[in-house]
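Notes to accompany the following structure.
The values are calculated or read from the model by the stated rules, or taken from the named source; none is laboratory data. These numbers were taken from a predicted model, which means no experiment stands behind them. Cβ placement follows ideal geometry from the backbone for every residue including glycine, while neighbour counts extend to all protein chains displayed. All accessible areas refer to the heavy atoms of the entire protein, side chains included, with ligands and DNA or RNA removed. Shrake-Rupley method; radii C 1.70, N 1.55, O 1.52, S 1.80 Å.
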Amino acid sequence: RKPVAGLSSMVGSKGKVVSPLDPEGLVKIKGELWQSSSGGRRINTGEEVIVVGQDGLKLIVRKNE
């Protein structure tokens, strides 16, 4: 069963970049700001991302194509 709360429930969620990910920055997901990493790729402010994992309290995201 999929968790309904907590960091692990964020995987698959979509959000918008608030400060550029180069490779780290802030993403807004479900009304909350999260420290995020893009795995070495630059993602600009306003672009949509999807959560693909976590590293401690940081979300790992990729650009939503």
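Annotations for the structure displayed:
- If the condition is being at pLDDT below 95 and surrounded by 16 or more Cβ atoms within 10 Å (Cβ to Cβ), then the stretch 14-33 contributes only ILE29.
- Within the stretch 20-47, residues that are in contact (Cβ under 8 Å) with a residue 40 or more places away in the chain reach partners that are open to solvent by less than 50 Å² (accessible area, probe 1.4 Å) and not acidic (Asp, Glu) with beta carbons closer than 9 Å, at six or more positions or on different chains, in the pairs LEU21/VAL27; LEU21/SER36; LEU21/SER37; LEU21/SER38; LEU21/ILE43; LEU21/VAL49; LEU21/VAL61.
- Candidates are the residues of the stretch 39-50 that are of a type outside the set (Lys, Arg) and at pLDDT below 95; the one that is farthest from MET10 (Cα to Cα) is GLY40.
- Counting the residues of the stretch 48-64 that are open to solvent by less than 70 Å² (accessible area, probe 1.4 Å) and either free of Cβ contacts under 8 Å to residues at least 12 places away in the same chain or of a type in the set (D, E, K, R) (or both) gives 2.
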